[in-house]
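Presented below is the structure to which this report refers.
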Amino acid sequence: MATHFSPCSSSSTNFLPSSCFKNETTVLFSRFAVTVPRKSSWVTQIHSRIQGRKHFHIKSSNGHPLNAVSLQDGLDGSLTAKEHDKSQGKEKPSIPISEAEKEESTLSITVVGASGDLAKKKIFPALFALFYEDWLPENFTVFGYARTKLTDEELRNTISRTLTCRIDQRENCEDKMDQFLKRCFYHAGQYDSEGDFSELDSKLKEKEAGKVSNRLFYLSIPPNIFVDVVRSASLRASSLNGWTRVIVEKPFGRDSESSGELTRCLKQYLTEDQIFRIDHYLGKELVENLSVLRFSNLVFEPLWSRDYIRNVQLIFSEDFGTEGRGGYFDNYGIIRDIMQNHLLQILALFAMETPVSLDAEDVRNEKVKVLRSMKPLQLEDVIVGQYKGHSKSDRSYPAYTDDPTVPKDSRTPTFAAAALFINNARWDGVPFLMKAGKALHTRRAEVRVQFRHVPGNLYKRNFGTDLDKATNELVLRVQPDEAIYLKINNKVPGLGMRLDRSDLNLLYSARYPREIPDAYERLLLDAIAGERRLFIRSDELDAAWALFTPVLKELEQKKIVPELYPHGSRGPVGAHYLAAKYNVRWGDLSGDDS
Ligand SMILES: NC(=O)C1=CN([C@@H]2O[C@H](COP(=O)(O)OP(=O)(O)OC[C@H]3O[C@@H](n4cnc5c(N)ncnc54)[C@H](OP(=O)(O)O)[C@@H]3O)[C@@H](O)[C@H]2O)C=CC1
Ligand SMILES: O=C1O[C@H](COP(=O)(O)O)[C@@H](O)[C@H](O)[C@H]1O
């Protein structure tokens with residue numbers, strides 16, 4: 001077959017490297033192709049599942065044993081009683097591992113961009129937490145890779161400062177840290193150098209000592225070098241006899257075109273099954289619990305539709321500004337940074353139909369269906385804001401444009417509110433309101449479900465005329481202080497008939513007094529296990545961008561000026577007008593919850 005090379009062109013946003021070339025016939029994991037000729041993705045998938053099942057014995061987030069396929073180790077789908085018990089949420093790897101199996105495979109995790117903020121803050125600590133709790137396989141090594149020159153010891157020193165043990169599990173903490181750090185190594189190299197990745201490959205091989213090697217690359221780097229790294233890593237450092245997977249951090253493009261281009265470029269070197277697009281909100285405990293709450297409780301699912309739900313609110317706020325990330329942020333803004341991914345993913349989980357099973361493809365199919373049923377966001381349904389400087393009790397808080405990496409005349413929104421609609425039978429006419437902002441008065445992420453009025457409510461006069469106060473509201477507080485609570489109307493004890501608002505409150509810290517794992521732990525574990533359910537499939541990504549790209553372009557073309565709001569305030573008043581247009585009040589500002 002003829003081989004065509006065509007430029008995988010660099011987008012106007014400088015999102016992709018100009019050196020992205022397309023070889024339509026063979027490039028896909030060419031080193032892998034030495035032993036496994038190019039095959040259709042399902043063959044690759046089965047191959048990787050078999051490899052994974054044979055060599056790993058970790059359980060993933062859907063409770064399935066390793067590799068997160070519906071097939072269980074015994075191939076007949078049956079679990080032993082003990083395994084079943086463990087899969088129901090009890091901790092620790094569940095499947096007995098023979099000594100021979102323990103010996104024969106290795107896992108190498110390479111953190112590309114190891115000198116960066118995310119690697120230090122989240123990835124190494126998450127890997128340590130997994131190690132501490134015995135979730136990692138016996139034979140594993142962690143490699144840091146970046147351009148900064150560091151020795152193994154220097155990397156260990158740097159990351160040791162960010163490792164912590166769980167508050168409730170401090171036993172042998174220091175020992176465990178030492179053991180973990182001994183498994184950490186560093187290789188300095190350029191991101192586009194095949195030679196440097198060959199050297200990494202040699203080092204990995206040395207550690208793998210001839211065993212079956214499974215390799216995970218975590219791209220914790222700016223997006224303009226994703227493709228360079230994937231090319232070099234896939235050509236020079238992919239596994240010859242096990243699986244190779246790549247975790248890609250957001251942003252996945254900045255609009256439909258650049259995202260499509262990125263996917264196309266990545267797929268020259270990787271199959272879709274090898275790409276794990278991370279949205280860390282999907283790894284958060286309460287987000288994971290959303291489906292459990294809905295699909296395992298009869299009291300909720302029957303109410304989950306336009307018949308009973310008046311509106312749904314997805315709220316994200318941070319009480320700090322861009323602080324050091326202004327350079328990145330100014331090219332994206334809050335809609336791309338938070339709404340198009342984190343909040344939209346929660347919305348999709350919230351609104352999807354019941355999946356056939358918990359298998360990744362079944363869940364992701366349902367999410368895609370919801371996203372495709374949505375109307376693209378309209379300009380009249382968005383308001384944007386930007387924080388300005390503010391002084392309070394002798395302290396001054398900077399404006400967004402005070403950040404030296406942000407242009408003084410930047411119109412990038414640091415706050416946005418939006419109303420979205422799902423055009424399907426379940427959700428027709430129900431506003432899904434999103435609100436996201438930086439430098440606000442509080443840090444929180446939550447989902448609020450406001451129910452309709454009780455028809456002909458017998459007790460309405462006990463509330464006076466404000467019927468809004470008498471509706472039920474279900475709140476899933478994702479962070480901080482994880483909780484699920486339901487606002488109900490209740491009789492105040494006493495001889496009279498007075499009603500008030502009370503909460504049925506499931507506060508996690510009271511009910512589950514143990515530290516909740518960080519989202520990155522769950523996601524890393526799933527990537528190792530080959531479980532894709534909590535990662536974004538390319539068609540999901542396309543559908544997500546299709547909803548936001550037109551309005552993002554319009555905001556830019558029309559040079560819409562964001563409404564200024566003081567740093568540390570509750571955001572621009574425009575958000576209230578937008579909600580009022582749909583007869584909604586923001587639940588987080590309603591008095592008892594603000
Ligand atoms: N930090 C965070 O909280 C979050 C980050 N992300 C995403 O994760 C990824 C990593 O984030 P973060 O760690 O903050 O990023 P950094 O800016 O810290 O970059 C990571 C590393 O990449 C290298 N690097 C930085 N800029 C360039 C450049 N222009 N060209 C080549 N190499 C460069 C540097 O390593 P060296 O110079 O040693 O090669 C740096 O240490 C990004 O895609 C980001 O969007 C997502 C969610 C949150
Ligand atoms: O992806 C991002 O998320 C963080 C917020 O994450 P959280 O887990 O701390 O809530 C946000 O600060 C950042 O701007 C964004 O890129």
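Odds and ends about this structure:
- Residue check for Gly283: modelled with pLDDT of 95 or more, within 16 Å of ligand 2 (Cβ to nearest atom) and more than 25 Å from Thr158 (Cα to Cα): yes
- The single condition from (1) within 11 Å of ligand 2 (Cβ to nearest atom); (2) open to solvent by 60 Å² or more (accessible area, probe 1.4 Å) that Lys375 fails is (1).
- Residue match in region 289-312 (condition: within 16 Å of ligand 2 (Cβ to nearest atom) and either in the same structural domain as Thr106 (by TED's automatic domain parsing) or open to solvent by 40 Å² or more (accessible area, probe 1.4 Å) (or both)): no
- Apart from one condition, Ala580 fits all of (1) free of Cβ contacts under 8 Å to residues at least 40 places away in the same chain; (2) assigned to a loop (DSSP other than H, G, I, E, B); the exception is (2).
- Among the residues of region 489-504, the ones that are surrounded by 14 or more Cβ atoms within 10 Å (Cβ to Cβ) and either of a type outside the set (Ser, Thr, Tyr) or assigned by TED's automatic domain parsing to the domain that holds Gln450 (or both) come to 4 in all.
- Looking across region 184-214, just one residue is within 27 Å of the chain's Cα centre (by Cα) and either at pLDDT below 95 or surrounded by fewer than 20 Cβ atoms within 10 Å (Cβ to Cβ) (or both), and that is Asp192.
- Within the option set Glu133, Glu138, being more than 16 Å from ligand 2 (Cβ to nearest atom), touching a residue at least 24 places away in the same chain (Cβ under 8 Å) and open to solvent by less than 70 Å² (accessible area, probe 1.4 Å) holds for one residue only, Glu133.
- Region 340-361 - residue that is under 29 Å from Gln378 (Cβ atoms) and more than 12 Å from the chain's Cα centre (by Cα) and, of those, farthest from ligand 2 (Cβ to nearest atom): Glu353
- Scanning region 313-331 for residues that are within 11 Å of ligand 2 (Cβ to nearest atom), buried (at least 19 other Cβ atoms within 10 Å of the Cβ) and not hydrophobic (A, V, I, L, M, F, W, C) gives Ser317, Glu318, Gly321, Thr322, Gly326.
- Number of the exception - Gly389 against (1) buried (at least 22 other Cβ atoms within 10 Å of the Cβ); (2) closer than 30 Å to Gln557 by Cα: (1)
- Some residue of region 163-176 being part of a loop (DSSP other than H, G, I, E, B) and within 16 Å of ligand 1 (Cβ to nearest atom): no
- Only one of Pro413, Pro404 that is buried (at least 20 other Cβ atoms within 10 Å of the Cβ) and either among the basic types (Lys, Arg) or outside any strand (DSSP E or B) (or both): Pro413
- All positions within region 233-244 that are open to solvent by less than 20 Å² (accessible area, probe 1.4 Å) and either touching a strand residue (DSSP E or B) at 6+ places or on another chain (Cβ under 6 Å) or within 13 Å of ligand 1 (Cβ to nearest atom) (or both): Ala233, Ser238, Ser239, Gly242, Trp243, Thr244
- Within region 222-253, the set of residues being assigned to a loop (DSSP other than H, G, I, E, B), within 14 Å of ligand 2 (Cβ to nearest atom) and under 18 Å from Ile109 (Cβ atoms) comprises Glu249 only.
- Residue count for region 416-443 under the criterion of being open to solvent by less than 60 Å² (accessible area, probe 1.4 Å) and not hydrophobic (A, V, I, L, M, F, W, C): the result is 8.
- Hey, Asp337 in contact with a helix residue (DSSP H, G or I) (Cβ under 7 Å, 6 or more places away or on another chain) and within 13 Å of ligand 1 (Cβ to nearest atom) or not: yes
- Residues of region 141-183 that turn out to be open to solvent by 90 Å² or more (accessible area, probe 1.4 Å) and within 15 Å of Ser220 (Cβ to Cβ), as a count: 1
- Conditions (1) in contact with a Leu (Cβ under 6 Å, 6 or more places away or on another chain); (2) exposed (fewer than 14 other Cβ atoms within 10 Å of the Cβ): number failed by Leu476: (2)
Each row is one residue, and each column tells you yes or no for (1) among the β-branched types (Val, Ile, Thr); (2) more than 26 Å from Phe432 (Cα to Cα).
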| position | (1), (2) |
| --- | --- |
| Leu270 | no, yes |
| Gln274 | no, yes |
| Asn289 | no, no |
| Ser296 | no, no |
| Val299 | yes, no |
| Asp307 | no, no |
| Val312 | yes, no |
| Ser317 | no, no |
| Glu323 | no, yes |
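The values are calculated or read from the model by the stated rules, or taken from the named source; none is laboratory data. Values in this document were obtained by computation on a predicted structure and should not be read as measured data. Please note: Cβ atoms are built from the backbone with ideal geometry, for glycine as well, and neighbour counts cover all protein chains shown. Just the protein is used for accessible areas: all its heavy atoms, side chains included, with ligands, DNA and RNA removed. Shrake-Rupley method; radii C 1.70, N 1.55, O 1.52, S 1.80 Å.
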